[in-house]
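Enquirer: Starting off with a structure, shown below.
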Amino acid sequence: MLASEVSSLLDHLGVSSDRRRGARAVRSPLTGETIAHVLDASPRHATETIAQAEAAFRRWREVPPPRRGELVRLLGQELRGAQDALGRLVTIEAGKIVPEGRGEVQEMIDICDFAVGLSRQLYGLTIASERPHHRMMEQWHPLGPTGIITSFNFPVAVWSWNAALALVCGNPVIWKPSEKTPLTALAVQALFERAAARAGDVPDGLSTVLIGGRDVGETLVSDPRVPLVSATGSTAMGREVGTQLARRFGRSILELGGNNGSIVCPSANLDLALRAIAFAAIGTAGQRCTTLRRLFVHDSIHDAFMAKLKRVYASVRIGDPIASDDVLVGPLIDATAFETMQRALDEARAHGAQVHGGERVDERQFPDAYYVRPTLVEMPAQTGPVLHETFAPILYVMKYTDLDAAIEQHNAVAHGLSSSIFSTDMREVERFLSATGSDCGIVNANIGPSGAEIGGAFGGEKETGGGREAGSDAWKAYMRRVTSTVNYGGDLPLAQGVRFDI
Ligand code: NAD
């Protein structure tokens, strides 16, 4: 039944029928059924695509940035027109609830708007020269074809964070989407092609999609014609990609896992904290890189707050998000995700945890889909599975008495993506945001760790990979920085007063 809806959506979004046949079966996590087939890129096709991107680069880098921005403006327009259809496809292919599927497309629209403005603001500095009649300046030039490898859980937005910026910076983009979500990628590519046809004079191969598994990703990573690869996914993937890129001196933007924490202080507005924590820990069925996974609650409010949290966890509506509007928790992506979750819960029990929830829901109705009750886990200490990212709705809760010790615990994990504190005491808030506070790339106060806006640079430290995408000056990673010195005098004074008289 979903297959016919998917077929209509793909028709509507302009995905041609020759891209919709092949050996790779695409399944929907909503029901587990096969919804389409697609063709994997052969190694030869991947290599040819890179050659085409290289040729496109030679033309695109000469197009003035605001003209490049015009293409991205048109892409944003296509996305606006397709928001409902593409958002629905995200829901069916990735399992997000309907507002989140639509919200993901909104994020694409937002970054297109940002990139259009940016296309007139690729600023370099002028720098004071120590030599008379000299001028120094910094220029930013296009870098070259940009590989974009993406994960299943943000099947379209992550591409747009990279692509909108890369395109205005003068780079072609080659996208290797998750093998679990190729249909949304093909739909976005079709929308891009519509925008390109409207813009006119866009080189072939400016934006392409290579469907396939990690082998296709590896082709992008190993090819020296791709100077930058932005890879989003697990830390295990990033460790391989980052190492391989470093070996050939390729650049990387790594957006990897997170094991995000929040601290709830005695002065916190507890109703606000409850809503924020519920969204951050339960939303997207715990399958966001920024999902809240570790919660430190002050001893003095712990029991009262836990009672409220347990009520929310017991009552939150789980199920097929297209069957009912009030569903807040959709399915896990697949059976492997469910098994990994159960293993983490067993491990937590072995470490003395009290586990509330975690069982499968609607199993009879959907034997091939994996709906689970979000799980609260009361941990005696930060040990075992708490130290790792499990990509599922598990929230480990621990008590604290001293804020310094809580911050130390908060930072004592391998990842460093997102974090937050709930407090109305400005000393506590500022301490958490300071250099001696959270060690993450994203540090919030009185909101949860998930749900970032595109205006800020997004990314994290340590095993999260260190990359930054989206807003602020993240665009600089997509460009080649040039320092130029111009002598407009008749003499040749050397820097540092060096004399070299011939
Ligand atoms: P994954 O690592 O299994 O796959 C991600 C992508 O990498 C896929 O396209 C896959 O085919 C490709 N890939 C895997 N190994 C590769 C290799 N050796 N060379 C080249 N490509 C390779 O991740 P997933 O299960 O799709 O996504 C979940 C993970 O992604 C979680 O850990 C989550 O925290 C992380 N994530 C991070 C961010 C972020 O911005 N930091 C955003 C979303 C998801």
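Enquirer: How large is the helix-only mean residue ellipticity at 222 nm for the chain, computed as the sum of -39500 (n - 2.57) over DSSP H runs with n ≥ 4, divided by its residue count, in deg cm²/dmol to the nearest 500? Walk me through the intermediate numbers first.
Expert: On the way: 14 runs with 196 residues, N = 502.
Dividing the helical sum by the residues of the chain leaves -12500 deg cm²/dmol.
Enquirer: Given the C-alpha atoms of region 312-385, compute the convex hull and give its volume per residue in Å³.
Expert: Details: hull volume 6.8 nm³, N = 74.
Each residue corresponds to 93 Å³ of Cα convex hull volume.
Enquirer: Next question, about the same structure. Label points 7 Å out from Cα along the Cβ direction at Val361 and Met1: separation in nm?
Expert: 1.9
Enquirer: Still on this model: Take Ala236, project a point 7 Å from its Cα along the Cβ direction, then tell me which residues of region 242-268 have their backbone nitrogen under 20 Å from it.
Expert: Residues passing the 20 Å test: 242-245, 254-260.
Enquirer: Counting Lys +1, Arg +1, Asp -1, Glu -1, what net charge surrounds Val229 among other residues with beta carbon under 10 Å of its beta carbon? Don't skip to the end; give the middle numbers.
Expert: Numbers: positive: Lys176, Arg251; negative: Asp223.
Around Val229, the charge tally is +1.
Enquirer: Sorted by average packing, counted as other Cβ atoms within 10 angstrom per residue and highest first, what order do 210-218, 338-346 take? Intermediate values should be presented prior to the final figure.
Expert: Numbers: 210-218: 19.2, 338-346: 17.3.
Highest mean packing first, the order is 210-218, 338-346.
Enquirer: So if we plug the beta-carbon distance of Asp473 and Arg59 into 1/(1 + (r/R0)^6) with R0 = 25 Å, what FRET efficiency do we get, rounded to 0.05?
Expert: Working: r = 26 Å, r/R0 = 1.06.
That gives a FRET efficiency of 0.40.
Enquirer: Among the listed pairs Lys180/Lys399; Lys310/Lys462; Lys176/Lys476, which have their C-alpha atoms separated by more than 30 angstrom in this model?
Expert: Working: Lys180/Lys399 38 Å; Lys310/Lys462 32 Å; Lys176/Lys476 22 Å.
Long pairs (Cα-Cα over 30 Å): Lys180/Lys399; Lys310/Lys462.
Enquirer: Something else about it: Using only Cα positions of the chain, each an equal point scatterer, no hydration layer, compute I(q)/I(0) via Debye at q = 0.07, 0.09, 0.14 Å⁻¹ and quote the log10 values to two decimals.
Expert: -0.41, -0.65, -1.37
Enquirer: I would also like to ask the following. Provide the gained length on full extension for the span Ala414 to Ser129, in nm with one decimal, where the gain is 0.36 nm per separating residue minus the Cα-Cα distance. Each step should come with its number before you reach the end.
Expert: Numbers: separation 285, 0.36 × 285 = 102.60 nm, distance 4.30 nm.
Result for the pair: 98.3 nm of gain on full extension.
Enquirer: Now, a different point. Which FRET efficiency value, to the nearest 0.05, do you get for Ala350 and Asp113 by plugging their Cβ-Cβ distance into 1/(1 + (r/R0)^6) with R0 = 60 Å? Show your work: numbers first, answer last.
Expert: Numbers: r = 49 Å, r/R0 = 0.82.
E(calc), rounded to 0.05, equals 0.75.
Enquirer: Continuing with this model, one more query. Sort 475-486, 260-271 for me by packing, meaning the mean count of neighbouring Cβ atoms within 10 Å per residue, highest on top.
Expert: Result, highest mean Cβ count within 10 Å first: 260-271, 475-486.
Enquirer: Same structure again: Using a 7 Å offset from Cα along Cα-Cβ at Asp325, what residues in region 70-103 end up with backbone N under 14 Å from the label point?
Expert: Of the residues in region 70-103, 98-99 have backbone N under 14 Å from the label point off Asp325.
Enquirer: Related question: With labels modelled as points extended 7 Å from the Cα through the Cβ direction, what inter-label distance (nm, one decimal) is found for Thr336 paired with Arg21?
Expert: 2.9
Enquirer: Shifting gears a bit: How would region 1-93 be classified by its alpha-carbon gyration tensor: rounded, prolate or oblate, with rounded meaning a/c under 1.5 and the a/b versus b/c comparison settling the rest?
Expert: Because a/c hits 1.5 or more and a/b fails to exceed b/c, region 1-93 counts as oblate.
Enquirer: Over the Cα atoms of region 1-52, what is the Rg over Rh ratio if Rh follows Kirkwood? Display every interim value, and only then the final one.
Expert: Values: Rg = 13.3 Å, Rh = 12.3 Å.
Ratio of gyration radius to Kirkwood radius for region 1-52: 1.08.
Enquirer: Separation between the Glu430 and Ser300 pseudo-spin-labels, each 7 Å from Cα along Cα→Cβ, expressed in nm?
Expert: 2.1
Enquirer: Ranked highest first by average number of other Cβ atoms within 10 Å, how do 395-407, 314-326, 64-76 line up?
Expert: Details: 395-407: 18.8, 314-326: 15.1, 64-76: 20.8.
In decreasing order of mean packing, 395-407, 314-326, 64-76 become 64-76, 395-407, 314-326.
Enquirer: Another question about this same structure. Tell me the relative contact order for region 260-445 as a rounded percent, counting alpha carbon contacts under 8 Å between residues six or more apart. Mind dumping the intermediate values first?
Expert: Working: 332 pairs, mean separation 51.8, N = 186.
That works out to 28 percent.
Enquirer: Something else about it: Within the set of other residues whose C-beta is less than 11 Å from the C-beta of Gly95, count the net charge using Lys and Arg as +1 and Asp and Glu as -1. Please list the in-between numbers first.
Expert: Values: positive: Arg27, Lys96, Lys180; negative: Glu93, Glu100, Asp320, Asp334.
Once all neighbours under 11 Å are counted, the net charge is -1.
Enquirer: Let me ask something additional. Can you tell me what the convex hull of the Cα atoms of region 260-445 projects to on average, as an area in nm²?
Expert: 10.1
Enquirer: Scan the chain and note any complete DSSP helix (H) whose C-alpha atoms cover at least 15 Å along its axis and whose Kyte-Doolittle average is 1.0 or more. The partial results should precede the final answer.
Expert: On the way: long enough: 2-13 (16 Å, 0.72); 43-60 (25 Å, -0.82); 65-81 (24 Å, -0.79); 83-94 (16 Å, 0.32); 98-118 (30 Å, 0.29); 157-169 (18 Å, 1.51); 182-199 (25 Å, 0.71); 235-247 (18 Å, -0.36); 270-282 (17 Å, 1.86); 299-315 (25 Å, -0.16); 335-350 (23 Å, -0.43).
Once both thresholds are applied, what remains is 157-169, 270-282.
Enquirer: Please express the shape of region 373-502 as an equivalent ellipsoid: the semi-axes are the square roots of 5 times the eigenvalues of the C-alpha gyration tensor, given largest first in whole angstrom.
Expert: On the way: eigenvalues 419, 63, 46 Å².
In descending order, the three semi-axes are 46, 18, 15 Å.
Enquirer: Which whole-number percent gives the relative contact order of the chain, counting Cα pairs below 8 Å spaced six or more residues apart?
Expert: On the way: 1097 pairs, mean separation 89.2, N = 502.
This gives 18 percent for the chain.
FYI, it's all coordinate maths here, none of it is from the lab. What you see is a predicted model; the values in this text were computed from it and never measured. No Cβ is skipped: glycine too gets one built from the backbone with ideal geometry, and neighbour counts run over all protein chains shown.
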